[in-house]
């Protein structure tokens, strides 16, 4: 049984039909990460949950589509005799003599991934800040600063050691 010859044009078109929607998903992801950032800054748990759910849905679709892209790249690379680590868009384009258009897709995809990554890192930093502020506030509400005793004076006002003011400017 003989295998059919490698049709570079058809296989490249199959790859492009995976790359276009993959780029589109990353374009959808960035505004969703922005919605997540707005919800984080506003400390709005309902909006944060909704935005996070949408981000997760897009990420699952990206993962599914990227697996298909990798499988198609692998198939093309094997047909072209490329080694395992050389099965990327740049090497596929080079192996097919250039001018396949894959480099333009590679650049667009790279830009969208970097944009989403920057947005995600900003959200992570904001989230960490929110967590630190929340933990600090909870510690203060629980009993003042560490090492200080809290009591009430004879008029019923909360008293503590020097330098501590309930919900002070430290927040």
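The values are calculated or read from the model by the stated rules, or taken from the named source; none is laboratory data. Predicted, not measured: the structure shown is a model, and the values here were computed from it. Here the Cβ positions follow ideal geometry from the backbone for every residue, glycine too, while neighbour counts run over all protein chains shown.
With the requirement that a residue be assigned to a helix (DSSP H, G or I), surrounded by 13 or more Cβ atoms within 10 Å (Cβ to Cβ) and at pLDDT below 90, what does segment 81-97 give you?
Residue satisfying the conditions is 86 alone.
Considering each of 12, 30 in turn, give the residue that is within 25 Å of residue 114 (Cα to Cα) and more than 19 Å from the chain's Cα centre (by Cα). Outline the logic, then answer.
On the way: 30 fails: more than 19 Å from the chain's Cα centre (by Cα).
After applying the criteria, what remains is 12.
Quick check on segment 43-58. Is at least one of its residues in a loop (DSSP other than H, G, I, E, B), surrounded by 13 or more Cβ atoms within 10 Å (Cβ to Cβ) and without any contact (Cβ under 8 Å) to a residue 12 or more places away in the chain?
For segment 43-58, residues in a loop (DSSP other than H, G, I, E, B), surrounded by 13 or more Cβ atoms within 10 Å (Cβ to Cβ) and without any contact (Cβ under 8 Å) to a residue 12 or more places away in the chain: present.
In segment 98-145, what count of residues is obtained for those that are closer than 30 Å to residue 8 by Cα, surrounded by fewer than 16 Cβ atoms within 10 Å (Cβ to Cβ) and modelled with pLDDT of 90 or more?
8
How many residues are over 23 Å from the mean Cα position of the chain (by Cα) and free of Cβ contacts under 8 Å to residues at least 12 places away in the same chain if we restrict to segment 15-27?
Qualifying residue count for the region: 1.
In segment 90-107, which residue that is within 18 Å of residue 68 (Cα to Cα) and in contact (Cβ under 8 Å) with a residue 40 or more places away in the chain is farthest from the chain's Cα centre (by Cα)?
Taking the candidates together, the pick is 92.
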